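Data first, discussion second: the structure below is written as structure tokens.
Only the coordinates and a few stated rules stand behind these numbers; no lab work does. Bear in mind the structure is a predicted one, so any value in this text is a computation, not a measurement. Neighbour counts run over all protein chains shown; Cβ positions are idealised from the backbone, glycine included.
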């Protein structure tokens, strides 16, 4: 059985998540993990997963000749230099989203990747979700005819910390970017125009920090379809992630995932438990699948399922949305070059 | 447009219900209504519906040559004599269920009907419910193949008064009799054996009065299928009326009807309102349809959709269930002659 | 029992619908119905409902001193003159939506109504729908906290005829106008800004006639909430009418209404029947309720549940949407004066 | 971190399933696996999981002093001798259901376990299912008041092979035994009486082999509740596993689990994919949890969540059901001694 040797840069929540899934993949050897903060706790955790080397210097990973692929799970501002460095070192790359808060820098990183001829996958894990995959499959299979309307609901259970909001790049780049990718994924078409409405309804401090917490984003697609995304940073009932694609021959809708199917009827009505709490619960399987497919793509010499172009397009849409919000007008993607 | 002249015997809840629906049927003239208790309130109500004559003597209806059909909505103990009398007077008959608490008397009434050559329809209104009609249609249309299992849930929101329990004939004859008819209706097959479990779990007084308030009734059908009915006199969340037919090629289930489709998501879970409260709300349309079809059957010279044989069979099953409960053993319908 | 004498102008589909419901209302006497085309068929139908007079001259209704209220169910272009005339004749008015394709004319009609001191109700029947009423009730009751997002899906099963499209006033004025009213109704707030995207995806002839058949309309509300309406002239699975209001403490969603609850499980998946076909089926009860409440408002000397201001506001939003579509920019309601 | 050394007897489907889950449990070392058929394929599979020793002689496991717990996943006829042997060797035991086709032998095995003072857990994995656990929790928490009716639907997608049917012990012992355990689990009460109806509707050969393929089993519980289980060996739409507990204060129902939530609306109706196919898909998580809890119970010196008494009671109910079917009468559990 072919095996791939990988290194992981960044041992925060998402880095550890990938490490855990990779450690159960029989085709992977995790050679090393790096983090700016190395602790006994981190070392113990790594040992438990059979990762022999923990380092504070990511360059060790870049310089290790045996490492064939790197997972870049460090903070967003490091993504472009690390991608460039990894590409130049001839390593395949899995990078968390977004690649950059500035799509022009992303373009530079993609050039480095292209020149090096390595594979780059971006962390749009929702493409591997069982619900959205089924929507894509049905749309691609022509079950609903030509798509006319794409509707995406994406609401978090609670806003991030104010400190995070400051560096997040804003709701469009940090949160809606997944939805921009989803819009392209389920429609099978490019977004050509964006009109974004935003509001501060959840937490005034978010507004003071220059961001919004509620949004309705209208889209036009290259194939003529229209679309709309609605976002909120705070759905008190939990993570709300639904998609609808309506077309000439029908429509497909997804509901949320739930922790159980129990329905309780009482004198006061009928109730069920709230949906799975947040992305770690809801997208658990999709995280496993995205890394498994990245590994398989490399080992089989195939294209990755979500590439640099996908990352770039989502970033451009986010940029267009932000421009639209600031200028109070619809913005064409051709303006974003 | 052909018109039918009818008389109604009994102006209680169900008699008035039928009167109101008949009064909106352009093919019906309600000539007269009788009740043992005539009041100003009753007269005013009747006048509002355009019923000119209210009488305390049902015999006026029997003797009125112009009345072509009678609705027997009086107490159960009067059904057999009134059917016999109406049949001998050459009138078509709509009779509420059950015809009698003693199926042998029902057989006598049916003989009178047969000799007179009049039509007799019994008030199994649930056959006209949009959900159960759809089940019947799907089963008859072969959509689920050969039926293997028939499951009926039938629970009331609250038990009747103790006074009513005393004269009701018991849970099997009063309440489950609808389900016995439903079992025959959705399966398209006769019940051949019954095993009944009963319990007093809702109200001990019901037990003291010699009745039960909770039941699980196992059935065997002539076509080999098995079945089960579960009953309770008290579902705190409201009227619970569901059916499932499982067969060789699939299954069909119905849910309850609801007053609205609103689903509310809050921090404490996801809610919806309880089902439609009781039979008047849930079976509103079916009551209209059953009388409309009775009228149409007469005017068109066709068979009625639920006839005396249907009434008799349900009563026999109820008798078998009661015997089963008393003797603690399965009872074959061939024992009930 | 107090009784109201009414006249109906226009005996097309909607005029007859109201007539049938009114004929069953014990507090109403329909004195007369007028239509430009009087036929034997119309006379027979009217007689069946107990309407003694059918006329081709609506002025007979206006001049009949006994008629206290008129139902204006004629073509849209007659609404303003008929309202004005009825108001001057001192009659209460029920008028179908929209009052006019030109909101400035609507304003004039409303002035006449105000001067005459009569009641005017407009035919936004969806406010009487059991689902939407429940949403309104929950939002008003604070069950979802402050509204943040209002989402309305409104899709017809099939486009109207090309002839109708020509005179309809366009998708916004003819179809979405119900949704504009719904947006105000469920949010409890005024719309202050509109951005409309439109497309011709269903039928190119609709485009040639200068109209669109698909739309996504973004809204801003006075209370800070955002909203979106999506429309299509053709949902192959039937009439699709859903609403969601998302707020600080939760969310409420409605689903469509269905002809039955049967769910069929087969080797090929799990099926249920499509929603109720079109507005006559889906909104049946709401049509009955809107006229009943209009009658009750007059008899009780109360305000009508949907007044002229409601009609005007919806028309202004439609105008703003059309302007937005034509000019490719968001339009503030303050621009529409 | 404490670690437990285990051996696995039987490397068929279920033995391998447990091995795979145990291999990912950081607190477990799988020392050895035995099977009567040792092959290169088996050895390679074992090596992949890090199991160093594969043997055809289960006695090696019994005699290995370091092995603290054994998983008995061999054929049913070996369970009693292996339990006895393992108990005498002082090892904790996880044994697949049923322990024996003859409940009297099960009683002997349990005696050996008791004398040895070791822990014994039986493989009623459904107790660890997220849906049924939630039902139990709600019932135990009093959310539905006193249980009155317990309803269990349990249908397989396809019957087992005829060869398997011959040795299975029959539908009650092989398939319904899970449901007998579920009845005790969700009700929190003992079954005291059973009446079983059976039929051969799926495959006549199953009847020729002396078994049935369709059943309706009525139950009485010690707390007065009534119950019913329905079984079929063939639900063409897939694995059907649902439970309802109805009580004095409400009811709780579970639905099946589905591979996705996509709902497709087309001209021909609304459909969704069938439920998760069979027990490996549906009960995936529950298999992981049952072994994890067994391991944790041993390491923490706690009681196991499903013990020998639970196994014995389910077998007794199965025996009562079989007797009931053969003798055509209700059978009390007190008859089964």
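Please work out the Cα center distance from the range C:3-29 to the range D:144-164, rounded to the nearest Å.
Result: 56 Å between the Cα centres.
What residue of chain D sits with its beta carbon nearest the rotation axis taking D to C, and at what distance in whole Å?
Result for the D and C rotation: D:271, 2.
Can you sort A:283, C:195, B:164 by how many other beta carbons sit within 10 Å, fewest first?
Numbers: A:283 23, C:195 27, B:164 10.
Taking fewest neighbouring Cβ atoms as first place, the list is B:164, A:283, C:195.
Give me the percent relative contact order of chain B, please, defined on Cα pairs under 8 angstrom at least 6 residues apart. Working shown, then result.
Values: 679 pairs, mean separation 64.3, N = 337.
Over chain B, the number comes to 19 percent.
Which angle from 0 to 90°, rounded to the nearest 10, does the C-alpha axis of helix B:79-88 make with the longest principal axis of chain B?
50 degrees
Where a ≥ b ≥ c are the square roots of the eigenvalues of the C-alpha gyration tensor, would you call the range B:4-118 rounded, which needs a/c under 1.5, or, failing that, prolate if a/b is larger than b/c, or oblate? Please report the intermediate quantities before stating the final value.
On the way: a/c = 1.98, a/b = 1.54, b/c = 1.28.
Cα axes put the range B:4-118 in the prolate bin.
Shortest first, in nm, what separates the label point of residue A:81 from those of the same position in the other copies (7 Å along Cα→Cβ)?
Copy-to-copy label distances at residue A:81, shortest first: 7.0, 7.9, 10.4 nm.
Rounded to the nearest 500, what is chain D's calculated 222 nm mean residue ellipticity when only DSSP H runs of at least 4 contribute -39500 (n - 2.57) each, over all residues? List each step's numbers first, then the result.
Values: 13 runs with 128 residues, N = 337.
Using -39500 (n - 2.57) per qualifying helix, the result is -11000 deg cm²/dmol.
Compute the distance in nm between two label points, each set 7 Å from the Cα along the Cα-to-Cβ direction, one at residue B:248 and one at residue C:77.
Rounded to a tenth, the inter-label distance reads 6.5 nm.
Using a Gaussian network model of chain A with C-alpha springs under 10 Å, which one of A:51, A:83, A:212 is most mobile by mean-square fluctuation?
Per the Cα network of chain A with a 10 Å cutoff, A:51 tops the list.
Does the range C:202-245 come out rounded, prolate or oblate, given a ≥ b ≥ c as the square roots of the eigenvalues of its C-alpha gyration tensor, rounded meaning a/c under 1.5 and, failing that, prolate meaning a/b above b/c? Show your work: numbers first, answer last.
Values: a/c = 5.29, a/b = 1.66, b/c = 3.19.
It is oblate, given that a/c is not under 1.5 and a/b is not larger than b/c.
How many angstrom separate the Cα center of the range D:260-303 from the Cα center of the range D:190-204?
26 Å
Taking Cα pairs under 8 Å and at least six residues apart, what relative contact order does the range D:7-138 come out at, in percent?
Normalised by residue count, the contact order of the range D:7-138 is 21 percent.
Less than 17 Å from a label point 7 Å out along the Cα-to-Cβ axis of residue C:205: which backbone N atoms in the range C:153-196 qualify, by residue?
C:158-171
Once R0 is set to 60 Å, what does the formula 1/(1 + (r/R0)^6) return for the Cβ-Cβ distance between residue B:27 and residue C:115, expressed as a FRET efficiency to the nearest 0.05? Intermediate values should be presented prior to the final figure.
Details: r = 48 Å, r/R0 = 0.80.
So the FRET efficiency works out to roughly 0.80.
Going by how many other Cβ atoms sit within 10 Å of their own, how do A:333, A:149, A:280 line up, fewest first? List each step's numbers first, then the result.
Details: A:333 19, A:149 26, A:280 13.
In increasing order of surrounding Cβ atoms, one gets A:280, A:333, A:149.
When only Cα pairs under 8 Å and 6 or more residues apart are kept, what is the percent relative contact order across the range D:178-250? Working shown, then result.
Values: 92 pairs, mean separation 19.2, N = 73.
Averaging sequence separation for qualifying contacts and normalising by length gives 26 percent for the range D:178-250.
Quick one: grab the alpha carbon gyration tensor of the range A:106-181, order the square roots of its eigenvalues as a ≥ b ≥ c, and give me rounded if a/c is under 1.5, else prolate or oblate depending on whether a/b is larger than b/c.
Details: a/c = 2.44, a/b = 1.15, b/c = 2.12.
Cα axes put the range A:106-181 in the oblate bin.
Once both axes come from the Cα atoms, what is the angle between helix A:13-23 and the longest principal axis of chain A, in degrees from 0 to 90, rounded to 10?
60 degrees
Between residue C:335 and the same site in the other copies, what are the distances in nm, shortest first, taking label points 7 Å from Cα along the C-beta direction?
List, nearest first: 1.5, 8.3, 8.4 nm.
Hey, how many Å between the Cα centroid of the range A:57-91 and the Cα centroid of the range C:93-111?
Between the Cα centres of the range A:57-91 and the range C:93-111 lies a distance of 68 Å.
Taking residue A:52 in one copy and the same position in all the others, each labelled 7 Å out along Cα→Cβ, what are the pairwise distances from the first, in nm, shortest first?
When each copy's label point is compared with this one, the spacings are 1.9, 10.6, 10.8 nm.
Angle, helix D:130-140 long axis vs. longest principal axis of chain D, Cα atoms, 0 to 90°, nearest 10?
70 degrees
I'd like the FRET efficiency for residue B:335 and residue B:108, computed as 1/(1 + (r/R0)^6) with the beta carbon distance as r and R0 of 30 Å, rounded to 0.05. Each step should come with its number before you reach the end.
Values: r = 20 Å, r/R0 = 0.66.
With R0 = 30 Å, the Cβ-Cβ based efficiency is 0.90.
Can you give the alpha-carbon Rg of chain C over 2.2 N^0.38 Å, where N counts its residues?
Values: Rg = 20.4 Å, N = 337, 2.2 N^0.38 = 20.1 Å.
Ratio of Rg to 2.2 N^0.38 Å for chain C: 1.02.
Cut-off 19 Å, label point 7 angstrom out along Cα-to-Cβ of residue D:309: give me the residues of the range D:102-116 whose amide nitrogen falls inside.
Counting only backbone N, you get D:103-116.
Got a sec? How would B:31, C:24, C:233 order by Cβ neighbour count within 10 Å, fewest to most?
Values: B:31 18, C:24 12, C:233 23.
Ordered from fewest to most neighbouring Cβ atoms within 10 Å, B:31, C:24, C:233 come out as C:24, B:31, C:233.
Per the Kirkwood definition applied to all pairs of different Cα atoms, how many angstroms is the hydrodynamic radius of the range A:197-314? Present the calculation step by step, with values, prior to reporting the outcome.
Details: mean 1/r = 0.0545 Å⁻¹.
Computed over Cα pairs of the range A:197-314, the Kirkwood hydrodynamic radius comes out at 18.3 Å.
Using the alpha carbon gyration tensor of the protein assembly as shown, what are the three equivalent-ellipsoid semi-axes (square root of 5 times each eigenvalue), largest first, in whole Å?
On the way: eigenvalues 664, 502, 97 Å².
Sorted largest first and rounded, they come to 58, 50, 22 Å.
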